[in-house]
1. Determine, from the Cβ-Cβ distance of residue 211 and residue 167 and an R0 of 22 Å, the FRET efficiency 1/(1 + (r/R0)^6), rounded to the nearest 0.05.
2. Amide H to amide H, which residues 5 or more places from residue 149 or on other chains are under 5 Å from it, using H placed in the peptide plane?
3. Taking only DSSP H segments of four or more residues, each worth -39500 (n - 2.57), what value at 222 nm results for the chain once the sum is divided by all its residues, to the nearest 500 deg cm²/dmol?
4. Once Lys and Arg get +1 and Asp and Glu get -1 on their Cβ, which of 194, 223, 123 lies farthest toward the positive end of the dipole of the stretch 123-238?
5. What spacing in nm lies between the two simple spin-label points modelled at residue 160 and residue 220, each 7 Å away from Cα in the Cβ direction?
6. To the nearest 20 Debye, how big is the dipole of the stretch 131-232 about its Cα centre, given +1 on the beta carbon of each Lys and Arg and -1 on that of each Asp and Glu?
7. Spin-label point model (7 Å from Cα, Cβ direction): what's the residue 126 to residue 74 distance in nm?
8. Using 0.36 nm times the number of residues separating residue 231 and residue 32, minus their current alpha carbon distance, what extension gain do you get?
Amino acid sequence: PKRRTNEVILFDAADQQAIVPFNPLVGPLGSDPSLIADGVLTAFQQVFGFDAGTAPRLLHIFRNSLLSLIGRSDASLTTVQRLLTDSNYRKSVIAQVTNPAVREFWFSEFGRWSERDRTQYIASLQNKLGAFTTNERLQSIFAPSPKSLQLRSVLDDSQILLCNLSKGQIGHDASTLLGSLLISSLHLAAMSRADIPEEERCDATVVIDEFHSYLSEGNNTIASALAESRKYRTSYIL
């Protein structure tokens with residue numbers, strides 16, 4: 001209806017003229033960095049079909065890289081590449097890391113690898129990230145921006161978010177990755193509403209078409225979202 005026109009957000013991944021930035025490394029205020037990192041890892045596992053059994057070192061490096069960047073103003077998927085290859089930038093990032101386990105990774109593991117081994121270990125992750133960070137459409141969407149999509153606001157203000165992730169326009173892998181990241185981020189936003197009384201949480205409905213595209217073995221995001229949806233006043237149509 002016309003009265004709600006200004007409450008509509010159109011996230012069209014194929015539209016280069018009206019880009020809506022979306023940074024999956026930025027969660028609602030007070031979000032657990034580990035949950036954000038897990039959501040991103042799950043999305044990439046969905047696209048590439050690897051898991052802790054087939055690519056343990058890749059996931060280990062990726063997880064620690066994400067945990068090092070989350071919370072920084074320049075955090076984005078594109079800066080993961082820079083963190084791995086730019087030693088000066090890596091030093092500046094590590095200096096601000098407060099998680100002792102993450103600091104231990106950089107100093108005791110990453111720092112002790114020979115240059116040859118390090119190059120070999122990070123090559124696979126660089127190749128997989130490069131498939132997306134070199135995509136101009138995704139570069140524009142993932143770029144850090146103060147106007148980045150705020151999913152918590154969408155829920156709290158009862159806004160209407162329409163996401164067009166047409167595979168025919170942006171490609172199968174890009175569509176799957178974006179969809180999985182949006183679902184994970186939306187679940188985090190819903191859980192963050194625990195900071196307000198349940199009766200004050202606005203009802204929200206999430207409609208996911210082609211749902212099977214975002215469902216994979218080992219992806220617990222949807223299972224968790226469905227199990228906890230009632231108390232967070234979020235319903236799902238799949």
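Every number in this text was worked out from the coordinates using simple rules, so none of it is lab data. These numbers were taken from a predicted model, which means no experiment stands behind them. Methodologically, a virtual Cβ is constructed for each residue, glycine included, from the backbone with ideal geometry; neighbour enumeration extends over all protein chains shown.
1. Between residue 211 and residue 167 the formula returns 0.95.
2. Excluding prolines and chain starts, which carry no amide H, the hits are 22, 23.
3. Details: 11 runs with 116 residues, N = 238.
After summing the helix terms and dividing by residue count, I get -14500 deg cm²/dmol.
4. With unit charges placed on the Cβ atoms, the residue in question is 123.
5. 3.7
6. Roughly 240 debye for the stretch 131-232.
7. Result for the modelled spin labels: 1.9 nm.
8. 69.7 nm
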